[in-house]
1. Scan the stretch B:298-306 and tell me whether some residue there is part of a helix (DSSP H, G or I), among the polar types (S, T, N, Q), crowded, with 24+ Cβ neighbours inside 10 Å and within 14 Å of another protein chain (Cβ to nearest Cβ).
2. Name every residue in the stretch B:188-231 that is within 14 Å of another protein chain (Cβ to nearest Cβ) and more than 16 Å from ligand 2 (Cβ to nearest atom), in order of residue number.
3. Out of the residues in the stretch A:281-298 that are in a loop (DSSP other than H, G, I, E, B) and buried (at least 22 other Cβ atoms within 10 Å of the Cβ), state the one that is farthest from the other protein chains (Cβ to nearest Cβ).
4. Take the residues of the stretch B:341-364 that are assigned to a helix (DSSP H, G or I), in contact (Cβ under 8 Å) with a residue 12 or more places away in the chain and open to solvent by less than 30 Å² (accessible area, probe 1.4 Å): which is farthest from B:Leu313 (Cα to Cα)?
5. Please go through the stretch B:380-397 and give me each residue that is more than 21 Å from B:Thr211 (Cα to Cα) and in contact (Cβ under 8 Å) with a residue 60 or more places away in the chain, ordered by number.
6. Being more than 9 Å from ligand 2 (Cβ to nearest atom) and in a loop (DSSP other than H, G, I, E, B) is the filter; apply it to the stretch B:233-250 and report the residue that is most open to solvent (accessible area, probe 1.4 Å).
7. I'd like to verify a number: residues in the stretch A:345-361 that are touching a Ser or Thr at 6+ places or on another chain (Cβ under 9 Å) and away from every other protein chain (no Cβ under 11 Å), how many?
8. Checking the condition under 24 Å from the mean Cα position of the chain (by Cα), open to solvent by 20 Å² or more (accessible area, probe 1.4 Å), of a type in the set (Asp, Glu) and at pLDDT 90 or above, which residue from A:Asp111, A:Asp51 passes?
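The values are calculated or read from the model by the stated rules, or taken from the named source; none is laboratory data. Model, not experiment: these values are computed from the prediction. Here the Cβ positions follow ideal geometry from the backbone for every residue, glycine too, while neighbour counts run over all protein chains shown. In case anyone asks, the SASA skips ligands and DNA or RNA and just uses the protein heavy atoms, side chains included. Shrake-Rupley method; radii C 1.70, N 1.55, O 1.52, S 1.80 Å.
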Amino acid sequence: MKNIEFRTAVSAQGGLLVMGGVAGVSAGSRVSLKDHVGNLRNGLVIRSSDDAVLVEVFEGTDDFDLERTWVRFLDEPFKLPVSRDILGRVFNGAGLPRDGRPPIISGDRRDVNGEPLNPAARAYPREFIQTGISAIDGMNSLTRGQKLPIFSGGGLPHNRVAAQIVRQAKLLGDASSEFVVVFAAFGTSHADARFFQESFEESGVINKVVMFLNLADEPVIERLLTPRAALTAAEYLAYDLDYHVLVVMTDMTAYAEALREVAVLRGDVPARKGYPGYLYSDLAEIYERAGRIKNRSGSITLIPVLSMPSDDITHPIPDLTGYITEGQIVLGRELFNQGVYPPVTVLPSLSRLMKDGVGKNFTREDHPHVASQLFASYAKALEVRGLAAIIGAEELSDSDRRYLEFAQGFERRFIGQDEDEDRSVYETLNLAWDLLSMLPAESLIRVSEEELAKYHKGSA
Amino acid sequence: MGKILEINGPLVKLQLPETVIGEQVRVGRIGLVGEVIGRDGDTALAQLYEDTSGLKPGEVADGLGWPLSVELGPGLLNAIFDGVQRPLNAVREKSGDRMARGVSVPSLPRDRLWHFIPDPQRHSASHVDGGDTLGTVQETESIVHRILTPPLVHGELLDLAPEGDYTVEEVLGRVKLPDGRIEKLHMFHRWPVRIPRPFRKRDHAVKPLITGQRILDTFYPLLKGGKAAIPGPFGAGKTMLQQQIARWCNAEIVIYVGCGERGNELTDVLEFMPELKDPHTGRPLMERTLLVANTSNMPVVAREASIYVGITLAEYFRDQGYDVVMVADSTSRWAEALREVAGRLGQMPVEEGYPAYLGSRLAAFYERAGRVETLNGGHGSVTLIGAVSPPGGDFSEPVTSHTKEIIQTFWALSKELADARHYPSVDWLESFSGYVPSAAKWWAENIDPGWEAARAQALDLLAASEELQRIVNLVGVEALSSEQRWTLEAAGLIKEGLLQQSATDEVDSFSSPEKQFALLSALLEIFRHGMRLVKLGAPARRLIQMPLMAQARRWKSQHKSEDLATLKAKIARIPAEFEQIALDYEPAAPAA
Ligand SMILES: Nc1ncnc2c1ncn2[C@@H]1O[C@H](COP(=O)(O)OP(=O)(O)OP(=O)(O)O)[C@@H](O)[C@H]1O
Ligand SMILES: [Mg+2]
């Protein structure tokens, strides 16, 4: 069947092609099409019966001449050839070279959809990654094998933050704990892709990076493949070659929009805002590929970047992402407008794996309590700030005024830092105590009395 | 023998003339399993529990002759199954770290021997009924597995195996059915998951399920045999709360169903459960625990089934006379799986894409909770606790609103509390429990007659403080009277010293009912003493600065439940602390 060309296209619309009279086509099979000018296109069988086969065409079907479209069913899913040589290479969303160098030749070709990991095979991630960014390390720490997205908005510096994480990420006390990087961009601009490429070059990691690019002006349906191809490469690097892999993907919103576009064409019942009900499961297939496996030394740490449409965290894309990932780092416009970099809005940010990766034996014994105290004190400080806006700062009580100053210091000195400032977690914790020392010791209930005695500047 | 006509995602159209709805089918060369959900003449529509890619029209399909069923017998505890009860450890041994398709492994181990002790009441030529105990197997150190006659089998017991070691498949005995046929009994039997297991009658739920979580037990109690929901936006703490319940609750069996959630959360449970000791029996918690896992990246149809697999396992242990708790994380993912299949079937969506039968399916599922008199006259219960994951945290969406109508205890999680890392983020105003009167009886008899009044007083304080906080946010705290300021302060004390309870704090993670009440009454006592002084003219500011106020907030994490003596000693000193201050305001007592 692989070598037979069929010319039985019945209809085509917006990327979906219906083929008639082809029997025994396997579901999920890859399709190769030759259009009327002789160009090759790629597709995927999404529905198959002997009467009609529905094919999703990655490069679109708008200009199809049905009479002169030749279709071959390859009888296998989309596969990515993998070998050690992928490091340092740039591919398109479907895994073909876009750096002018020859394609990867390998007998080892992997189904880009992967297979779900047996939950009993997972190892729980526990190793603290120091990113050098206080808002992350101190309060929402990253763990090796975690999936921790950056929620952002148009114009916010998510690319710079992601690039800083990639540059600075390391395990505590383990200099050899380097990462290899898989970078996937879909629906992003050429400028954004170039920014990352240059950042990797400058920091000298470019030979340890694999890139998969499907840019804003490139075929939309190929976007559905791009993260899968990237994760297939990451799994190979992590579990076959024992690397610790950091995967950065941007922008998940472009991905979800591509999925919606196809769903509408298929006539799938929409759930919220036109997105199909299976968006959750589809995103989970991607995000859940992060992690660790028992008895394997590699790991996949996943940092997807997504821009929240109209800065709305309840929009289905960030919402469903938050329901799947192990926390989120939220960037905020307010801090950004005040010139704070990185503008991490800490209260809605969260790292679910932090509880198992910081504290005694991991970072420092006071770490979990300090983090919790910073959250509580800052939440209270923001309430006070709200009140001050109404009644005026002069009317505040003494203690409230201290909270106001705390908020200011916390935002400028703790959250704010330079783009090339790589703080150790101990610097971060000491800075936290400097700030907490602005507040009366009695009000710091989340830290222990011993910790207060040891670290609070106003005590003893 | 039939064949595949069409493949459309997880749905396949089959030519399969003889089938009935609900029948299990095996499809394609690799043998994927699924169930028939629709019929039209000679064709049937089936949903498959595994990914369908690679299937071709024309490949074989076959009906298996039974509906989706689970195996019930020794070997369940301590195990982790997927959504259709495949044992994940055994699957891993067979097919590696990834879920290969078409793997078939029996749910219960076939080669393992169990030591069976026949029930002394059973002897040959006597009558047995469905649900009768044939004998017992000590499955784990803490749990005795009662081997039951299958619910629908009754007749004359012809023979029963003597004490000895048997595999689950060996014939244990034979029953002569009323129609003369002979039924062989084994240590396990099968039961279809979509049919509730029968019982004699429903009992009233009477005892609270003690979870060790203060805001649950003291404020919004749940009974053994009750139904509860935990709705909340992402990251609010639903999973942590369910894990806390699974750890600490005083049920005898815990069934943890991970339905469409994260793989690592199950790994977490698998790693901590064996290490933790049951506070009630001192045995490793894993011995009473069983996991059903269909993670979010696993096929969606098996996700829909996983909830029913879980509840059937729960009913089976209930029928042995146990108090069982099942936590389901998350029922929203189950509802979404239902929606996805309904969509592919072309059924008319009514709200947010959900089919019209969403509400009735949810109700029928929760209806399987309850305390019952079992077929053999014993008593057992299934307590059901479902997490709900509303899109955008909006509680008016269909799954949350339907669930709210069905359950009795509603633990509403709040994003604001979670953002400030006040855990558990159970909102004390939005939550409710219909079980307070029954729970009050238990607390009065076992802990303190003052429980119900104390609880009500604390809730009043919290409600009053909400009002006061609104005023403060508008005009500042100076606008409040001293009494109002003290009320606000006392509410803060209750929030921080009682409601807030960190799962990660070794001491505070579990709070016995005695400790819960000791803290509650102590904090209320502080409030009352302070109020008396305020009424005498003491400024609230002075009281707020008492060292006691900071100290009392730390008591919860300084005193273990097993060792309340020092806490009680501190509590006994509360009046003296206020006496000191009272001297300045009380009219001088006449010299004696
Ligand atoms: N009782 C608690 N004690 C301490 N920390 C908690 C508690 N509850 C929640 N947390 C913190 O909040 C995080 C998120 O909680 P959890 O994973 O239970 O949220 P969730 O509501 O299940 O979210 P999702 O719907 O996305 O699964 C946890 O990782 C933990 O850090
Ligand atoms: Mg959860």
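1. The initial filter retains those residues of the stretch B:298-306 that are part of a helix (DSSP H, G or I), namely B:300-306.
From what is left, the residues that are among the polar types (S, T, N, Q) are B:306.
Those left that are additionally crowded, with 24+ Cβ neighbours inside 10 Å: B:306.
Checking the rest, the ones that are also within 14 Å of another protein chain (Cβ to nearest Cβ) come to B:306.
Among the residues of the stretch B:298-306, at least one is part of a helix (DSSP H, G or I), among the polar types (S, T, N, Q), crowded, with 24+ Cβ neighbours inside 10 Å and within 14 Å of another protein chain (Cβ to nearest Cβ), which makes the answer yes.
2. Once the filter is applied, which keeps residues that are within 14 Å of another protein chain (Cβ to nearest Cβ) and more than 16 Å from ligand 2 (Cβ to nearest atom), the stretch B:188-231 yields nothing.
3. This residue is A:Ala290.
4. Going through the stretch B:341-364, the residues assigned to a helix (DSSP H, G or I) turn out to be B:341-344, B:358-364.
Add one more test, that the residue is in contact (Cβ under 8 Å) with a residue 12 or more places away in the chain, and what stays is B:341-342, B:344, B:358-359, B:361-363.
Going one step further and asking which of them are open to solvent by less than 30 Å² (accessible area, probe 1.4 Å), we end up with B:341-342, B:358-359, B:362.
Details: B:Val341: 24, B:Ala342: 26, B:Leu358: 23, B:Gly359: 23, B:Leu362: 18 Å.
Checked the stretch B:341-364; the qualifying residue farthest from B:Leu313 (Cα to Cα) is B:Ala342.
5. Here is the first cut: in the stretch B:380-397, the ones more than 21 Å from B:Thr211 (Cα to Cα) are B:389-397.
Correct list: B:Ser389, B:Pro390, B:Gly392, B:Gly393, B:Phe395.
6. Checking each candidate, the answer is B:Asn250.
7. 1
8. Just one listed residue meets the conditions, A:Asp111.
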